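Bear in mind these aren't lab numbers, they're just calculated from the coordinates by the rules spelled out. This is a predicted model, so every value here is computed, not measured. All Cβ positions, even for glycine, are placed from backbone atoms using ideal geometry, and neighbour counts span all protein chains on display.
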Amino acid sequence: MEMLTIGAFAKASRLSPKALRLYDELDLLRPARVDPDTGYRYYSVEQLEQARLVAWLRRLGMPLAGIRAVCALEPAAAAREIRAHWARVEAETAVRRDLAAFLVDHLNAESRKDTVMLELRHCARSDTGRVRPANQDTAYAGARLLAVADGYGPAGAPASSAAVEALKFLESAEPSAGSILNLLEDAVQGAHQAVRDAAGGATEAGTTLTALLLTGSRLALVHIGDSRAYLLRDGGLFRITHDHTMVQSLLDEGRLAPEEATAHPQRALLLKSLGGDTGTALGGGASTAPDLKLRDALPGDRYLLCSDGLSGVVTDDRIAHVLSTAATPDAAVGALISEANATGGPDNVSCVVADVVETAA
């Protein structure tokens, strides 16, 4: 077996001698032989491939514990784990990007005034559908607040209603742009407790919640679960929420193809919700925080909030067509609910459609 000194091995593997000593101590990359008298480390040429993999994974930013797990796997399984790690990195980067954009916008706002005042023209409606015996959804639209909640479990209806009711005080709140996201986060914590109270402590009952709050010329978004928010702008439809579901996490990690998602047996399994025991229910840790974003609103924008009774059975292309062609929010809501029921209406379906318009002087 050809042996290399630690210096030669470090040069060949592009790992420093200091790093090699650390990886030895962590049982990540043991030397092939240690001189019993001098303690000097020697490595075999066969160890170079693993050392280079460790170096590449370190450059990727993978924690040492993750590297140890990857190195213990067969190549195909190691590739899947690296793909999953990078999907998590990209998701975390997206959250930091949104925060950075918010901070830049907030700080720049100190040197400018809003020149356009906006208002919402809206319609909200909830329908039981063609299959479910009762409606557990709640849809709400007010002067400043839009919300959809999709309840589940034996107390799903009171759970969704409690979540939306807990946000209605925001209609009269006048927070600054800098404090709006903190206010929303606190409001969701209050909604979480309200849902638990409404469910009588039953952990098998809970609700999703997706809401938009107009503040000046911006819309603050709060989202948890698999209800969705869409933006129609300049003819293009954009989904502005990310589903908190098992299937979406598998898609993000590359472990599931999009065409497999609709038939996946766990497609309805939530990873986050209000009130319910979803494994990562709100209050279980930092990873359970709702998604919070602040967006610029423009005259001509049309927003849709909906439960998965719509998005689960009507394609995004069809949703875009309806939103683009309906003359009013009321017409859009009616057409979207009809589309969902035309597919068989397997679930309750709730829609809120709002147009952003410039207020009259």
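General observations
- Selection count, the stretch 32-69, where residues are touching a helix residue (DSSP H, G or I) at 6+ places or on another chain (Cβ under 8 Å) and more than 18 Å from Leu20 (Cβ to Cβ): 4
- Checking each residue in the stretch 2-54 for being touching a residue at least 12 places away in the same chain (Cβ under 8 Å) and on the phi > 0 side of the Ramachandran plot picks out Arg14, Asp27.
- Failed condition for Leu170, given (1) under 19 Å from the mean Cα position of the chain (by Cα); (2) over 24 Å from Thr245 (Cα atoms): (1)
- Search result, residues across the stretch 6-47 that are farther than 24 Å from Trp86 by Cα and aliphatic (A, V, I, L, M): Ile6, Ala8, Ala10, Ala12, Leu20, Leu22, Ala32, Val34, Val45
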